[in-house]
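The values are calculated or read from the model by the stated rules, or taken from the named source; none is laboratory data. Keep in mind the model is a prediction, meaning the values are calculated, not measured. Only protein heavy atoms, including side chains, enter the accessible area calculation; ligands, DNA and RNA are left aside. Shrake-Rupley method; radii C 1.70, N 1.55, O 1.52, S 1.80 Å.
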Amino acid sequence: MNRLLTIASRQDIPAVYRDTPVGLLLQYHNLDRAYEAYAEAQLLIGMCMDNRKHLHIPDNFAFIIRSGGANLRYSEFKVSYAIAVGGVRAIALMGHTQCGMVHLMARKERFIQGLVDDAGWTREAAEDHFLQFAPMFEIGNEMEFILSEVTRLRRRYPKILVAPLMYQVEDNHLYLIEETENPVP
Ligand SMILES: [Zn+2]
């Protein structure tokens, strides 16, 4: 069972992340660390497009890729760019509670009817659209999805530090997902 690690002080940040850009992100957002000035990005943040999240981070601190469910499988070129050209050496992959990409299939009718009523689509086109893309964006369970994506990103970019985080929309705090089965080396 995976669980969330509360970060209420600098000491709560595991040593592997503490003095890295991931640790800085946790301190800026959760601990009100005073903002430093950055000329270049230190971190790539992958997070969901959901509107209920606002990060407290300094200007220039991070590249941010937002997508449904923080799914970076279809944003790989942008991830590679942030590393190779942007110079970041760490990725924070951030899921959130109440994510709409969980049980996406259950929203099929609402999705299709919404496109028909509000976007001017034919029902057939809306159905095809949903059936084509929903399986790509369904994430099942927020925490398990983030952990599986983190594992994939660590294999794909072996020299990059990749951390699994959750944004809890109920309190607007960031948490690390504790990794029991697949700990950071
Ligand atoms: Zn979401």
> In whole Hz, what ³J(HN,Hα) sequence does region 56-72 give by Karplus (6.51, -1.76, 1.60; θ = phi - 60°), x for Gly and Pro?
Replying inline: 9, 9, x, 4, 6, 6, 9, 6, 10, 10, 10, 7, x, x, 6, 7, 9
> Regarding region 86-152, what is the average projected area of its C-alpha convex hull, in nm²?
Replying inline: 6.4
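Which whole-number percentage describes the relative contact order of the chain, with Cα contacts under 8 Å and a sequence gap of 6 or more? Provide the component values of the computation, followed by the final result.
Values: 291 pairs, mean separation 49.3, N = 185.
Here the relative contact order equals 27 percent.
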>> Please report the antiparallel percentage of the DSSP beta bridges confined to the chain, to the nearest 5.
In response: 30
> Once amide H atoms are placed 1.01 Å from N in the peptide plane, what residues at a sequence separation of 5 or more from W121, or on another chain, have their amide H within under 5 Å of its amide H?
Replying inline: V116
>> If I histogram all Cα-Cα distances within the chain using bins 5 Å wide from 0, what percent of pairs lands in each bin?
In response: 1, 8, 16, 19, 19, 15, 9, 6, 5, 2, 0, 0
>> Using alpha carbons only, how many angstrom separate the centre of region 114-151 from the centre of region 53-88?
In response: 21
> Quick one: how many Å² of T6 are accessible to a 1.4 Å probe, rounded to 10?
Replying inline: 80
> Applying the Karplus parametrisation 6.51 cos²θ - 1.76 cosθ + 1.60 with θ = phi - 60° to the phi angles of region 29-41, what ³J(HN,Hα) value in whole Hz is obtained for each residue in order, glycine and proline being reported as x?
Replying inline: 7, 8, 10, 6, 4, 4, 6, 8, 8, 10, 8, 9, 5
> Applying the Karplus parametrisation 6.51 cos²θ - 1.76 cosθ + 1.60 with θ = phi - 60° to the phi angles of region 46-52, what ³J(HN,Hα) value in whole Hz is obtained for each residue in order, glycine and proline being reported as x?
Replying inline: x, 8, 6, 6, 3, 7, 8
>> Less than 17 Å apart at the alpha-carbon level, and either on another chain or at least 8 residues along: which aspartates and glutamates does that give for K78?
In response: E40, E149
>> For H96, what residues show an amide H to amide H distance below 5 Å, using hydrogens built from the backbone and excluding near sequence neighbours?
In response: Y167
